[in-house]
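Before any comments, here is the structure.
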Amino acid sequence: MSASKRTLGQRLFEPSAIDRQSPAAFVITYALLFLWALVVLVPLYWVLITSFKGAGEVDNGPFYIPFVDFQPSLAAWDFMLLQNYTLGPYLNSVIVAVCSTILALLIGALAAYALVRIRFNVRLAAVATFILLLVAVIVAVAGLGVTWPVASIVAIALFVIALFTFVSRTQAAVGNSDIEFWIISNRIMPPIVAVLPIYVMFQQLRLLDTQVALIATYTAVNLPIVVWLTRDFFAAIPKDLEESAEIDGASKLRVFATIALPLVRSGLVATFLLVLILAWNEYLLALFLSNANAQTMPVLVSAQNTTRGPQWWNMSVLIVVMIAPVVVIASVLQKHIARGLLVGAVKG
């Protein structure tokens, strides 16, 4: 039907071509996008301009536009960053989040690749022996006063003896799918269940209130997520590429580093950002494992809210400095993130 013969309703609600929207659909789509952008951006804008306000502007407001409605001031930034000792917790958050994310991504990617390409057959007797010896070490250290190095050495020796004796004679075993389920189940468990044992462990190691304790804990907590996400990325890689490299004499590690990792680079970037956000915003573990030296930003914000610290509008400074790094990183890596979300989504 020619454009001149189409009725007004057809011109408004029917597209003129397959690759185009109708005028009504176009208006509705962009109106909804505009409303959603307001919902997302207006709170961020309000927090940002509030960080440049003083008590007078907050009490007598609302004021919306700097230099028009009110004169912006850096008093809140000076108080929160210079006088309120915020720089230390901020650096702690950066170091702990970045280091734990890199470690979790490295270890998790290796584990996911192994689960995809190597067939495991772990005997149940070995798993049971390991758990029993681990419990024995905990009892010996916490209840009998044995030092953890001595208890660990004895447990390792007993485990090696068990492997070469009765464990090798058993047949029942677990495979790759069982290992994957066990890894993911560690993330399903609420963190509050493991907080006390982790606290006691680092207390015995004399690592409480250190960045090392937080990095190790965050790495272990976020490792299941990395394995869960990157497993599909590696599974989408054709085996022919890796088999060709192995025929040419490349080892498994070299195939992983030179072929597998470059092909899933975008997926790793998306996983990196997700894990970084989880580590950056983590509160419960940091509350138990840190005090003054290794305090992170979420703990600092909570402490400021529960004490007679800065006024609430000054707290907007902390919100801005916590949001800004994640927004900047997401903007820089946007191309890889969008591509990484689709890696492994289509299988054939």
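The values are calculated or read from the model by the stated rules, or taken from the named source; none is laboratory data. If you're wondering where the values come from, they're calculated on a predicted model, not measured in any experiment. Backbone-built Cβ (ideal geometry, glycine too); neighbour counts: all protein chains shown. Areas reflect the complete protein model, heavy atoms only, side chains present, ligands, DNA and RNA absent. Shrake-Rupley method; radii C 1.70, N 1.55, O 1.52, S 1.80 Å.
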So, in the range 45-86, how many residues would count as being open to solvent by 50 Å² or more (accessible area, probe 1.4 Å), hydroxyl-bearing (Ser, Thr, Tyr) and under 30 Å from Asn291 (Cα atoms)? 1
Looking only at the range 5-19, decide whether some residue is closer than 24 Å to Ile323 by Cα, modelled with pLDDT under 75 and open to solvent by 80 Å² or more (accessible area, probe 1.4 Å). no
Within the range 216-231, identify whether any single residue is more than 15 Å from the chain's Cα centre (by Cα), closer than 21 Å to Val275 by Cα and open to solvent by less than 40 Å² (accessible area, probe 1.4 Å), and answer yes or no. no
The one condition Leu196 fails out of (1) open to solvent by less than 40 Å² (accessible area, probe 1.4 Å); (2) within 14 Å of Phe288 (Cα to Cα); (3) among the aliphatic types (A, V, I, L, M) is (1)
Residue under question is Val42, and the condition is that it be surrounded by 12 or more Cβ atoms within 10 Å (Cβ to Cβ) and modelled with pLDDT of 75 or more; does it hold? no
Picked from the range 286-295 (must be at pLDDT below 90 and either small (Gly, Ala, Ser) or open to solvent by less than 10 Å² (accessible area, probe 1.4 Å) (or both)), the residue farthest from Phe202 (Cα to Cα) is Ala292
Residue list for the range 238-280, filter: loosely packed, with under 13 Cβ neighbours inside 10 Å, among the small types (Gly, Ala, Ser) and modelled with pLDDT of 85 or more: Ala257
If you check every pair at least six apart or on different chains, which have Cβ atoms under 8 Å apart with a residue in the range 289-311 that is more than 21 Å from Val96 (Cα to Cα) and of a type in the set (D, E, K, R) first and a residue that is open to solvent by 20 Å² or more (accessible area, probe 1.4 Å) and modelled with pLDDT of 85 or more second? none
Checked against (1) closer than 18 Å to Pro224 by Cβ; (2) open to solvent by 60 Å² or more (accessible area, probe 1.4 Å), Leu163 satisfies every condition except (1)
In this structure, is Val320 aliphatic (A, V, I, L, M), at pLDDT 85 or above, open to solvent by less than 60 Å² (accessible area, probe 1.4 Å) and assigned to a helix (DSSP H, G or I)? yes
Filtered residues of the range 224-281 (kept if in contact with a His (Cβ under 7 Å, 6 or more places away or on another chain) and of a type in the set (S, T, N, Q)): Ser266
Could you pull out the residue among Ile107, Ile118 that is modelled with pLDDT under 90, farther than 30 Å from Val146 by Cα and not hydroxyl-bearing (Ser, Thr, Tyr)? Ile118
Quick one: what pairs do we get from the range 108-134, first residue within 22 Å of Thr219 (Cβ to Cβ), second of a type in the set (Phe, Trp, Tyr), C-beta under 7 Å, 6+ apart or different chains? Ala112/Phe234; Tyr113/Phe234; Tyr113/Phe256; Val116/Phe234; Phe130/Phe159
Of all residues making up the range 109-144, the number that are of a type outside the set (Gly, Ala, Ser), open to solvent by 60 Å² or more (accessible area, probe 1.4 Å), assigned to a helix (DSSP H, G or I) and in contact with a helix residue (DSSP H, G or I) (Cβ under 7 Å, 6 or more places away or on another chain): 1
